[in-house]
Structure formats: structure tokens, C-alpha cells
Amino acid sequence: MSPEYPFDDAATARAVIDDDGVLVEWNAGAERLLGHRAAEVVGRPAVELLVGEAGRGSRTPDGDRWDGILTLRHRDGGSVSVWLLAHRVRPRDDGHHQWLVVTPIEGDGPRPPDDPLDDVGLLASPCAIAIYDERLRLRRINPVMAEILSLSEEHVRGLRVPELTGRPQSRDIERQLLRVLTTGRGTDVRTYVPVGDDRANTWLARLAPITDAKGRVRGVAVAAHDFTEQYLAQKRLQLVNEASVRIGTTLDVTRTAQELADICVPALADFISVDLLDPPENGGESPTGRLTAPIGLRRVAHQSVNPGSPEAVVKPGHLDVYPAPSPQADALLAGHTIVASMSTGDLQEWLAWDPVRAERIGEYGIHTTMAVPIQARGTTLGVAVLTRFRNSQPFTPDDALLAEEVTARAAVCIDNARRYSRERETALALQRSLLPRSLPRTAAVEAASRYLPAARSGVGGDWFDVIPLSGMRVAMVVGDVVGHGIQASATMGRLRTAVRTLADIDLAPDELLTHLDDLVVRLSDEAGHEGGPGEVGATCLYAVYDPVSRRCTLARAGHPSPVMIPPGGAPREIELPAGPPLGLGGLPFESAEFELREGTVLALFTDGLIESRERDVDAGHAILRDALSGVSDSLDEACDRVLHALLPQGGAADDVALLLARTQGLPASRVATWDIPADPALVAPIRKQVLDQLGVWSLSMASFTTELVVSELVTNAIRYGTHPIRLRLIHDAATLICEVSDTSHTAPHLRRAKIFDEGGRGLLLVAQLTQRWGSRHTADGKTIWAEIGLLDEGE
């Protein structure tokens, strides 16, 4: 022996027996006790060492520990009555057990009269006391320690710690004892060791050296205090704190329920199921009244210590109905936690309604069930059912309080997630109701669009629109209101309505944005926020395309520039004057005009399409151009390809609006233009030329209406307008448009003539005979136009 290794293996008889009862280890102490050498007994049945009736009646002990007196066969033919202590141990991870059998050997020689180990005054302490000698063999224990071990001092005297408990943790304790023995310095140890029976206790122990009169360390004193209740309280507090961090990381109901299940297994239960009541239809509030059985619950999540949760009867997402004699229904009807166990018999009563569950419980040995209602803000959301089978301890009142605390935290998160989902669905429904359900079919462009709400922050204020204008022209608009939620959607609806109203009076793009900027400033003032203008903000891109001239005029207010894909060419970004965002007030906007070849595709979009945390705007533009480089005949397929290329798998961080428009040109043969002389007497020849043109277009059925409209508009222009005056007819498949332009900026107004008035009925007549009519200002003056429906005329 040495100070670093003071142990004497021969001072204890020790043997190891496997599951089949065969000796697999035999130490020097066992040879000293019975005389058999290891080579003679290892590999042979242990019962051969038992004498008489003990050998014939031997069987594997119940539990994890056994002690008693047995008569053993000595090598010389005699017998020895020995007190034995046996521990069930698991040396491998394959599930097989072995038995460690030990007994101390007497005959260590007389002790000196001044042995300090015999004069330790702590043995009368109410704490559990154990005294170990220089070989770290147990010398003394007090009655408290003997009661904890359920072993007497005379039987265990001489055993080492691993032989005394047979637990893996005892190796660490013995290393701590050795450190105190060799250094002479005491230490505190907290360990989690099952002792005496199946109870698992936490011990707080003080290890102190025992010295003789000369100051030499002669042993170690261990004073242990049962710290189990405090330890469990700390574990419960830790679980509550962990639940506050891990539960509710998202606003997703299923994810939150799964987080509740994950936090409870295995810390609190071996299996847990989380079942929720289905939310009301049409987004209403959950009922707050008393529930009645049977109750339909949908499995949202479950978790088990066994991979795959084989104990589960219901799969996630499935609806099951629970009658009154069930843990789910009884807990919800009672409104509080209910615990049932096989030992009390109430669990069998619960299971009488479902033989499948009864069979599953018997298969896995489930012995205790606890049903905890999931409640938040006075509303019952569902129930969590916790069960134990691997953990042999039943649920305690403290376990119920812990489960209620964790479940209450999860309930608030689930309720928040449901409220968020309901608000998000409401905002999305509002958003979609404010966006065009389908794009109008025009002779100017072929269009396709997409709108996607943000994956996490919900719907926002992105919008798009295609607005038919007079003269076969079309307006295309894409905008983005700052913010998310219902407020942003409502603001978007007001701006979209304003744009359509301003477009209806044929304002130029830069003028339209100026009026829209004024509106946003007023909306910001109405919002009542401190800071004045800028509280409500938006960006917008507005474009007008004329299929007759094939020219497009665009202006933007803080919005990304569109991308143009000419026929057979590469996509490129259109350079436009930037323009300030809407809502700043008082700053000018500029327009740019381009000629577009027929078949050119314009891509208008919001910044959510090209911006993300993973890349900068330039990289987003590059990906967009690559996605648009192969624009096919189908614009819908092109939209899907763009979204797939630019948006992440889980959705975009911001909502996205995308509008693709392919330009179309009107053939020159569909347009006829005349310069009108200033003489009213020449109106008749103009009418004849118009009728001749209608004959060329095979539109004779519209001759009467067209002749009246042309006469009225041309006559008004000659009388009240300024020369030069021009008449233009545009023929589309279903519409004939009459336009009269002059250089006067005075617009006509529709009024109702009195009975004796000689004039004032012309525009009223035009309004009655045409689908619609109006006027628009141009850079040189104004244009009065009227649309005649050819299908109506044909009928």
C-alpha cells in the first residue's frame, strides 16, 4: 500500500455473478475467506459454493440489493457462515445485469489504544455519520447512517464505498475520500445516490480528515445530510425557468405545443400528449362557458422517452372524441388537474371506455396518469396528459403544481399564437379583398401578378393594380405601405382607391404621385402620432402605356425601378428619377418616357422581392434578371420562377408584390385621324369620312351612334376650343373610341338643360349613347373622348 493507493483488496471478499448465476470475478479476499483460487471457481455456477438447502433453494433476489447470512463451502471441505451484501449492477449498456457480492474479512489485528477513529464525538450527531480508516475501509457508522443504509455497523465494517452501495457514483465519492486522506483538507460534496432501496436521494456531505495527536491523518469522517427536497425544488425551479425560455419561441400553435411536450419529457413524465379544442370557425373567440362531454380534441403534439412515441394511440393532427370517464374529459369538465393511478383503481375506471388504450397501458406498464387543463385568459384551450412508466415513482402534489405552472406558461403562448393566427388571417382576408382578384384584359398589355404575405410578420401594405385608361391606354401601379398588419392593409386600400380615382381623371404619372403624396401627409396627420408627417409612409411606382404610340411614361416615389425585358434581349433595369417616398410632402416628382417595342415585358415589384438578410439589393437584382432572362409565353410561369429563385424556402421576411406585363401594339390600320377645319359648315363632310371609315372596318351597325357622337364633339371643339383640332377613331375588338383634341385647357362639364333652353343637351346625349366618356389634359391642351360598345350596337 502507498498514500496514493491505500486500498487492500484482500481485506474484502468480493465476487461478481452474471445473470446466469455464473461466477465471473473472484478476488484475493474471497480466496482468503474460502480458500478457492480464482481459476477454480470463475466460470462455474455460484450455487456450487452454497451448502445444503441454501444451494437447492437459491434464486435471484428481488430488487437491487440483498443482504443476509449464508453458509458457504470452504476449499478444505468445511463450511463458513458469512454475512453477504449483494448489489445489482449494470456494467455494460446492453441491458444485462450482474451481482456484486461482498463481505468484510475480520482479522485486521488489534488497534492501538489511542486510535483516533474510536474517539470521534460526531457519532451522536443527528446527521448521518461514517468513519473511514487509512485504507478507506468503513470503521464506524452512527445509528442515523445505519438506518439510511438499512444495514448494521457490525456487518458493513471493513467495506469500501463502492462495495457498500454498488452504485457508479460511489467511485467518485471514494476519489473525494482519497483526496481528503492524502491532502488533509476537507471538502464538501453534493451527490445524487440511491441508497438503501429504490429511492434516489440527493446528499450534501462534509468530508473532513481525522488526525491523531501528532497531526497525522488517520482517516476520514463523512457527515451527510439528505438534501433531496431542496434538490427537487431547485430542479422544479430550473424546469420552470427553462420553460419560460423554450416555450413560445414562435407564434405557431403546433410548434408551441411541441415545445411544451419536449420540456416535460423526461423531466416530469415519460410520455405526454397535448390535445387542443378546435378553434371556432370564421375566426371567432373561443367559448368561455362550461364544456359538456363528450369532448372532441385534436392531437397537436406528443413526446415520449421511447423514440417514435409508440405509446400514442392518436396521431398528430387527428381528432378524437373523449367521453366523461376519461382523463381528458374529466380534467376539462372539472377545470383542474386530476391524477389517477393503477394502485388506486381509478385509472382502470378511466380506461374502461377504450380497450385500445387499456391494452397500450398494460403493454408499457403505465402506472400513473395526470391530466392538466390548458387554460389562458379564462378560456379552456385543451388538455395535457402526462404518464409515467419508466419512472417508478407516482406523481406527487409538487409534480402537479409544476405541471400546472409549465402548462399555464404554454397556455398563454398557445393563446397568443391563436390570436396572432386569427389576426393574421383577418389581415390577409382584408388585404386580398383590397387587391384585384383578377387583372383586366386590355388591348395594351397582357399581365400576371403575385402577392405573398410575409412569413413571420404577416401581411403588409404591398399592392399592385392594372387600370384601363382612355384611348386604349393602361396604367400599371405597384406600391408598398410601411408596416404590417391590419392598419397597413387599411392604408393600402385607401391609397389604391386614391390611385384609381386619380388615374380616372387621366393625370400624368408625376402629377398623380404629387396628389398621392398630399394624401399620405393627410393620413399621417389623421393618425395622431407625434412627429407629424412621415408617420404613415409609402412608396409607389406608376406607369402609363399607350399601345397606339407604343410609348410608356413612368414615375416613382422611393420605389425600386422596374426591369425591362425587350423581345430577344437581356433584362435590364430602367433608369428612372428616384423621387422621394410618399409622405414627406412638398418635394417634386419627375417622369421619364420610353418607347417600348411590342412584346416587351415590364417587371414591377416591391422591395420585399429583392431584399433579404442573406444578400444585398444588387445581388437580388442580379438574381431577378437571371430569373427573367428566360421569360416564356406564360407570364404566370415567369412569376412562379421569379418567386422560386428569390424567396427562401420558408417564405420572405417582408410581403411581396410582383406584376409582369407584356406590351401589345395597336396596328395602324385600327386608327384613323383627321384634322378638323375651323368652319362649322365642314362638319358634314367629316361625318361622311367617318362613315366611310366605319364601312372599311365593317362597323356599319355603329354608324348612327358614331355619327351623333362625332357631330357633337367636333361641333363643341369648333365653337369653344382652340385650333388646331384633331379627330381620332380607335377600333378595338369590342370598342370604338372617338377622340377630339384641341389646344384649349377648358374642359366641358355635363349639365341638365332646362325645358326652354336651346342648347346644353349635347354632352347629355353623348353620355346616354356611349359606355363612358370623359376628358383628359395633355401637354398641348385637352382631349374629349367617348367609348362606344360594339357588342351593344351589334345587338
Take the residues of segment 179-200 that are crowded, with 18+ Cβ neighbours inside 10 Å and closer than 25 Å to Ala86 by Cα: which is modelled with the lowest pLDDT?
Val195
For segment 129-157, name all the residues that are assigned to a loop (DSSP other than H, G, I, E, B) and over 14 Å from Pro6 (Cβ atoms).
Asn142, Ser150, Leu151, Ser152, Arg157
Would you pick out the residues in segment 219-229 that are assigned to a strand (DSSP E or B) and either in contact with a Lys or Arg (Cβ under 7 Å, 6 or more places away or on another chain) or buried (at least 18 other Cβ atoms within 10 Å of the Cβ) (or both)?
Gly219, Val220, Ala221, Val222, Ala223, Ala224
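Look through Val478, Val459 and report the one residue that is crowded, with 18+ Cβ neighbours inside 10 Å, under 30 Å from His731 (Cα atoms) and in the same structural domain as Ala543 (by TED's automatic domain parsing).
Matching residue, one of Val478, Val459: Val478.
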Kindly establish whether Thr396 is of a type in the set (Val, Ile, Thr) and without any contact (Cβ under 8 Å) to a residue 24 or more places away in the chain.
yes
Go through (1) exposed (fewer than 13 other Cβ atoms within 10 Å of the Cβ); (2) touching a residue at least 24 places away in the same chain (Cβ under 8 Å); (3) farther than 13 Å from Leu85 by Cβ for Ser150 and report which single condition fails.
(3)
Out of the residues in segment 314-366 that are of a type in the set (S, T, N, Q) and assigned to a loop (DSSP other than H, G, I, E, B), which is surrounded by the most Cβ atoms within 10 Å (Cβ to Cβ)?
Ser326
Taking Pro453 as the residue in question, decide whether it is at pLDDT 80 or above, out of contact with any helix residue (DSSP H, G or I) (no Cβ under 7 Å at 6 or more places or on another chain) and under 24 Å from Val499 (Cα atoms).
no
Can you tell me which of Arg450, Arg418, Arg432 is within 27 Å of the chain's Cα centre (by Cα), in a helix (DSSP H, G or I) and either among the hydroxyl-bearing types (Ser, Thr, Tyr) or crowded, with 17+ Cβ neighbours inside 10 Å (or both)?
Arg418
Within segment 297-308, identify whether any single residue is more than 13 Å from Val274 (Cα to Cα), under 26 Å from the mean Cα position of the chain (by Cα) and surrounded by 12 or more Cβ atoms within 10 Å (Cβ to Cβ), and answer yes or no.
yes
Go through segment 776-789 and count every residue that is more than 54 Å from the chain's Cα centre (by Cα), part of a strand (DSSP E or B) and of a type in the set (Gly, Ala, Ser).
1
Within segment 469-494, the count of residues that are out of contact with any strand residue (DSSP E or B) (no Cβ under 6 Å at 6 or more places or on another chain) and either on the phi < 0 side of the Ramachandran plot or modelled with pLDDT of 90 or more (or both) comes to 7
Would a scan of segment 230-248 turn up a residue that is at pLDDT 85 or above, part of a loop (DSSP other than H, G, I, E, B) and basic (Lys, Arg)?
no
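Please enumerate the residues belonging to segment 466-480 that are free of Cβ contacts under 8 Å to residues at least 40 places away in the same chain, over 19 Å from Glu739 (Cα atoms) and either touching a Pro at 6+ places or on another chain (Cβ under 7 Å) or in a helix (DSSP H, G or I) (or both).
Step one: filter segment 466-480 for residues free of Cβ contacts under 8 Å to residues at least 40 places away in the same chain, giving 467-468.
Those still in the list that are over 19 Å from Glu739 (Cα atoms) too: 467.
Within segment 466-480, no residue meets the criteria.
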Filtering segment 575-615 down to residues that are among the basic types (Lys, Arg) and either in contact with a helix residue (DSSP H, G or I) (Cβ under 6 Å, 6 or more places away or on another chain) or modelled with pLDDT of 90 or more (or both) yields Arg597
Scope segment 564-574; condition part of a strand (DSSP E or B) and either small (Gly, Ala, Ser) or in contact with a helix residue (DSSP H, G or I) (Cβ under 6 Å, 6 or more places away or on another chain) (or both); matching residues:
Ile565
Can you tell me which residues in segment 367-393 are out of contact with any Phe, Trp or Tyr (no Cβ under 6 Å at 6 or more places or on another chain), part of a strand (DSSP E or B), in contact (Cβ under 8 Å) with a residue 60 or more places away in the chain and closer than 19 Å to Pro266 by Cβ?
Ala384, Val385, Leu386, Arg388
Which listed residue, of Ala352, Ala324, Ala331, is touching a residue at least 40 places away in the same chain (Cβ under 8 Å) and farther than 18 Å from Phe389 by Cα
Ala331
Select from segment 292-313 the residues that are touching a helix residue (DSSP H, G or I) at 6+ places or on another chain (Cβ under 6 Å) and assigned to a loop (DSSP other than H, G, I, E, B) and write down the one among them that is farthest from Ile247 (Cα to Cα).
Ala293
With the condition being of a type in the set (Gly, Ala, Ser) and closer than 30 Å to Pro560 by Cβ, I'd like the helices (runs of 4 or more DSSP H) fully within segment 607-722 carrying at least 3 qualifying residues.
617-628
Select from segment 9-26 the residues that are surrounded by fewer than 17 Cβ atoms within 10 Å (Cβ to Cβ) and over 56 Å from the mean Cα position of the chain (by Cα) and write down the one among them that is modelled with the lowest pLDDT.
Asp9
Could we say that Gly762 is in contact with an Asp or Glu (Cβ under 6 Å, 6 or more places away or on another chain) and modelled with pLDDT of 85 or more here?
no
Of those in segment 628-670 that are free of Cβ contacts under 8 Å to residues at least 40 places away in the same chain and acidic (Asp, Glu), the residue nearest to Arg597 (Cα to Cα) is Asp633
Result of the Cβ filter at 9 Å on segment 35-51, keeping first residues that are more than 18 Å from Thr12 (Cα to Cα) and in the same structural domain as Leu70 (by TED's automatic domain parsing) and partners that are in a loop (DSSP other than H, G, I, E, B) and not small (Gly, Ala, Ser), at least 6 apart or interchain, is Glu40/Arg75; Pro45/Asp20
Quick test for you: out of Asp517, Asp525, pick the one residue that is in contact with a Phe, Trp or Tyr (Cβ under 9 Å, 6 or more places away or on another chain) and in the same structural domain as Thr442 (by TED's automatic domain parsing).
Asp517
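The values are calculated or read from the model by the stated rules, or taken from the named source; none is laboratory data. Keep in mind it's a predicted model, so treat the numbers as computed, not measured. Methodologically, a virtual Cβ is constructed for each residue, glycine included, from the backbone with ideal geometry; neighbour enumeration extends over all protein chains shown.
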